[in-house]
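This report refers to the structure that appears directly beneath it.
Here, each number is a calculation from the coordinates, and none is a lab measurement. Just so it is clear, the structure is predicted and the values come from calculations on it, not from any experiment. Backbone-built Cβ (ideal geometry, glycine too); neighbour counts: all protein chains shown.
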Amino acid sequence: TTRKASTVWNGDLMAGKGVVTLESSAIGKFDVSWPARSAEPNGVTSPEELIAAAHASCFAMAFSHGLANAGTPPTQLRTSAEVDFQPGVGITEIRLHVSGDVPGLDKAGFEAAANAAKEGCPVSKALSAVPIKLTVS
C-alpha cells in the first residue's frame, strides 16, 4: 500500500506557514509552522507531532499483532510517543510509553513483547537513526 500526504508552504521558514493535507484518508488539513515546531504549538502541528502519531499507532499495531500471535491477545493497549526536536540539530530522541491489559501475560512477558514490537515496528525501523526509548508500565 502507499499513503499520501502533502504540504503547501507559504513564505520563508520563520514567518511562513503551511498546511498539511492527509490525502489518502481525506480526514483533514492541518496547519504547520516553524513556531509550532520550535516553541509552543498554539493549535498548530509540526512534523514531530505527526511522527509521534505515526509511531504510537504503528507500535500499538505491531505490539497487538505480536501478542495475538503468541496466544495472548490484548484487551487494550495505551501507547504514547514523544519526539524531541532541537533547532539546528534535528530530532534527538523518541520515547514510547505503553501500558495495557493482556490477560494471561505477566509483567516480564509484557515487557519482552513490547521490546520485540519496538524492534519490529516498521516506523521504529524507519526512525532507527534516532535513539528510541521504551517505557513499559
(request) Rounded to whole Å and sorted largest first, list the principal axis extents of the Cα atoms in the stretch 61-129. (result) 47, 18, 18
(request) Determine, for the chain, the count of lysine pairs separated by eight or more sequence positions (or lying on different chains) whose alpha-carbon distance falls under 24 Å. (result) 8
(message) At 222 nm, what value in deg cm²/dmol follows for the chain if DSSP H runs of at least 4 each add -39500 (n - 2.57) and the sum is divided by all its residues, to the nearest 500?
(response) -10500 deg cm²/dmol
(request) At most 13 other Cβ atoms within 10 Å and a DSSP loop assignment: could you name the trypsin sites (Lys or Arg not before Pro) in the stretch 1-81 that fit? (result) R3, K4
(request) May I ask you to derive the FRET efficiency for V136 and L22 from their Cβ-Cβ distance with R0 = 25 Å, giving the value to the nearest 0.05? (result) 0.25
(request) Convert 20 °C to kelvin, take the viscosity as 1.002 mPa s, use the Kirkwood radius over C-alpha pairs of the stretch 30-74 as Rh, and evaluate the Stokes-Einstein diffusion coefficient in µm²/s, rounded to a whole number. (result) 176 µm²/s
(request) Provide, in order from the shortest bin, the percent of all Cα-Cα pairs of the chain in each 5 Å bin, continuing until the bin that contains the maximum pair distance. (result) 2, 9, 18, 18, 16, 15, 10, 7, 4, 1, 0, 0
(message) What do you get for trypsin sites (Lys or Arg not before Pro) in the stretch 94-126 restricted to DSSP loop and a cutoff of at most 11 other Cβ within 10 Å of the site's Cβ?
(response) none
(request) Calculate I(q)/I(0) for the stretch 58-101 by the Debye formula, one identical point scatterer on each C-alpha and no solvent, and give its log10 at q = 0.22, 0.23, 0.32, 0.34 Å⁻¹ to two decimals. (result) -0.72, -0.76, -1.08, -1.15
(request) In Å³ and rounded to a whole number, note down the convex hull volume per residue for the Cα atoms of the stretch 1-58. (result) 88 Å³
